[in-house]
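Just below is one structure, and these are the notes that go with it.
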Amino acid sequence: MQTLQDLAQAFRLYAVCDPCARVALIDLNQLMAREGPEYPLERVRMRLKCTACQRRTHALRVVYVGPQGRASGFRYARETAHPKTADPS
Ligand SMILES: [Zn+2]
C-alpha cells in the first residue's frame, strides 16, 4: 500500500470533485506532519470531502513530477476560492 512518504518523493496529490469540477492540491508535507509518513494513501482518499458541495468524493489525482518536482515552482494557496476564469459578459 502506498503511503504519504512514497508519494512525497516525486508526486503531487490532488483531491478531485467531479460534480464541482474542483481540484485542490493536497499539502503532503503538512499531512505527513500531522498523520505520519506511513499514513496510507487509501485513508487519505476515504477522508476527502469537497469544501464546496460537502460530498465525500473519494477521488484523488496523483501527478508525477519527478524527484526535482519542487523546482517547477508552482504552488496553490491553501484555500483557492473558486478560480473563475474571466467572464465575457
Ligand atoms: Zn464538490
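What follows draws every value from the coordinates through simple rules; no lab data is involved. Here the structure is a predicted model, which is why all the values come from computation and not from measurement. Virtual Cβ from ideal backbone geometry, glycine too; neighbours counted across all protein chains shown.
Taking amide H positions as modeled 1.01 Å from N, with prolines and chain starts lacking one, the residues under 5 Å from Arg55 and 5 or more places away or on another chain are Cys50.
Determine, at each q value in 0.22 (inverse angstroms), the log₁₀ of I(q)/I(0) that the Debye formula gives when each Cα of segment 4-64 is one equal point scatterer. For segment 4-64, the Cα-only Debye profile gives -0.85. If you place +1 on the Cβ of every Lys and Arg, -1 on the Cβ of every Asp and Glu, and leave all else neutral, what size is the dipole of segment 4-64 about its Cα centre, to the nearest 20 Debye? Magnitude of the dipole: close to 300 debye.
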